[in-house]
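**Student:** Quick one: structure below, then a few questions.
Readers should treat all values here as calculations from the given coordinates under stated rules, not as data from a laboratory. Computed from a prediction, not measured in an experiment: that's the story for all the values here. So basically every Cβ, Gly included, is an ideal-geometry build from the backbone, and we count neighbours across all protein chains shown.
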Amino acid sequence: MGKVAGKRRMGCKRKSWLRNIRGESGAWANLPAQEREQNLANLSHIGMLARFDNILGRDTIRTLVRLTAHAPYVFCHPTLVDRIASMLNYFLLHLVGPNKKNFK
């Protein structure tokens with residue numbers, strides 16, 4: 001759950017950063033047109049990443065809630081607890097960690 005919370009925090013940080021940049025939009029009016037367009041494209045991209053981070057975190061939490069609500073005995077069995085935790089940590093690290101671009 002720590003990784004999911006981290007992903008949601010990252011989405012919130014990106015949203016906060018976007019709000020700050022939008023508040024400083026008066027300074028952008030003095031930029032050349034090409035640089036302004038590049039900055040707007042970057043903002044759009046960061047906005048999509050923030051949205052994706054929040055959606056991914058929300059959907060992951062919903063999936064885990066559904067799975068554990070309907071079959072808790074599977075996840076609580078002593079022989080599977082460590083294995084499942086290791087597997088989930090591995091996938092979360094590769095999906096949302098620093099090297100997520102290398103995951104295929």
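**Student:** Would you mind classifying region 63-102 by shape? Square roots of the alpha carbon gyration tensor eigenvalues, ordered a ≥ b ≥ c; an a/c under 1.5 is rounded, otherwise it is prolate if a/b is larger than b/c and oblate if not. Don't skip to the answer; put the middle values down first.
**Tutor:** On the way: a/c = 5.36, a/b = 1.91, b/c = 2.80.
Because a/c hits 1.5 or more and a/b fails to exceed b/c, region 63-102 counts as oblate.
**Student:** OK, next. Using R₀ = 30 Å, calculate the FRET efficiency as 1/(1 + (r/R₀)^6) where r is the Cβ-Cβ separation of S44 and H94; round to 0.05.
**Tutor:** Efficiency, from the Cβ-Cβ distance: 0.70.
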